[in-house]
Structures are given as C-alpha cells and as structure tokens.
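J.: First the structure, then my questions, so here it is.
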Amino acid sequence: SASTSTPAAPAPALTQESLQQRLQALIEGARESWTYAIFWQSSYDYSATTVLGWGDGYYKGEEDKGKAMSKASSSSLAEKEHRKKVLRELNSMISGSTAPADDAVDEEVTDTEWFFLVSMTQSFINGSGLPGQAFFDSTPVWVSGPDRLASSMCERARQAQVFGLQTMVCIPSANGVVELGSTELITQSSDLMNKVRVLFNFN
Amino acid sequence: MPSIPQARKASLARFLEKRKERVMNA
C-alpha cells in the first residue's frame, strides 16, 4: 500500500524546472541504478484524444561508462556517423552557432544517449505503448529482463532492449506517466512507486 | 531524426550541456 501516516503535501505548480528537479531527485535518490527518467505529460488533441508527449527528461547514464562505450561500438560505422551528425546539428540549433562543434559533441553517442534523444520525438495516443498502457489502466508497468522487453507488444520497449536497456518502468501519475529505464536488471520496488506518487502528485 | 519542437529545446539544451560535462570529466 502507498498509504502513509501523513498525507503528502500538494506539490508546487508544474513547470519544466520543477519537473527536472523531481526527475533528478527520483534518480539520484534511488538505491537502484537508473539510466534515465522521463515524464510523459498528458494532454488532449483536437479530437479530445488523450496524448502523452514529452514533458521533460533526466539522463544520468550508465555507471560503467566503458560498458556503455563498448555497447555503442557494436553499432555500424554509418550509424555512429549518423548519430554524430545529428548531435552536431542539434548542438548548432541550440547554440544558434554555425561554428565548428567542440570535441564533446563529436564524442561517440552511446546507445542509451541515442535512445533518450529519440524519445524527445515520441508520443503515445489512446493507451498505446507502455506509457500509454500505464496511464490508461492507472497501473504501473514494470518490465524487467531483455527477453521480456524484446517480446513486448510495445515498440518502444523492444527498441529499448536493442539499445542495451534491461529494465523499463512506467508509473502513472495525475498528469502523465513517469518512465524509468536502466541497463541493469532491477526488480519491482514499491519504494520507487511511492516516491513517484509523492514527487509527482501535482494538480 | 525529426525536428525537435520548441517546447523540447530546454530539455535538449540541458542534455547537451550535461553530456559535455560528462565527456570533459571522463
């Protein structure tokens, strides 16, 4: 049960700044090693269909950077160059500069970094995907293990497995869904779900 | 990769900045 002796105080208004702080607090304060956290925010499109779109995300990365790089190196040379090119373009767009990018931008883009970046372009309608399913059913979805991710009905979960993630979790809140992913095998924890309920209990 | 909507630029800018820090500290 998520009940505690004292009810959680209402959280402050939802802003991207406060979202970022909550996602960071969730990951940095967890016992488990999560690679990233994303908040998928609910809204309605012109036909009153519920859409979950990018709210904000916090990327921590893998504990073992060497492991991440060795995984990234399994991608083809063409894929590596494509990622670098996209990152350079995104960097130019953000910095507003056409000057050559610094060395950091040209560093190899790992699989989980790429998965996180691509996530910014995604959305889920009518209960689709793991985030949509969690929101639609108001029930957390916890998928742990490469085999379970690979055999998921959700394309995003299958993609996650290809990019080296072993655990993907979607926990619904009032205004959306908190998704966490890890390259480690992490078993279900009520502690994490309670933290999400407290941190993302905004109106 | 499709273009990133304006609303997501803050997330992207933060990701790129933190990535730069990670690479520098590696």
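J.: Provide the FRET efficiency to the nearest 0.05 for the A:E108-A:R158 pair, computing r from the beta carbons and using R0 = 22 Å.
T.: Here the calculated transfer efficiency is 0.40.
J.: Over all residues in B:17-25, what is the mean tally of Cβ atoms on other chains that come within 10 Å of each residue's Cβ?
T.: 5
J.: Okay, moving on. Could you tell me which residue out of A:M93, A:P140, A:F116 lies farthest along the dipole of region A:77-203 toward its positive end? Charges go on the beta carbon: Lys and Arg +1, Asp and Glu -1, centred on the Cα centre.
T.: Of the options given, the answer is A:P140.
J.: Moving to a separate point now. Taking the Cα centre of region A:101-203 as origin, sum charge times position over the Cβ atoms of Lys and Arg (+1) and Asp and Glu (-1), and report the length of that vector in debye to the nearest 20. Could the numbers behind the result be given before it?
T.: On the way: 5 positive and 13 negative charges, 160 e Å.
Dipole of region A:101-203, to the nearest 20 debye: 760 debye.
J.: Using the 10 angstrom Cβ neighbour count as an exposure proxy, how do A:S92, A:S97, A:S47 rank, fewest first?
T.: A:S47, A:S97, A:S92
J.: If amide H atoms are built 1.01 Å from N in the plane of the peptide, which residues on other chains or at least 5 residues away come under 5 Å of the amide H of A:S173?
T.: Close amide H contacts, sequence-distant or interchain: A:V178.
Each reported figure results from applying straightforward, stated rules to the coordinates on display, with no laboratory input. The structure presented is a predicted model; accordingly, all values stated were derived computationally and were not measured. Glycine gets a Cβ as well: all are built from the backbone with ideal geometry, and neighbour counts include every protein chain shown.
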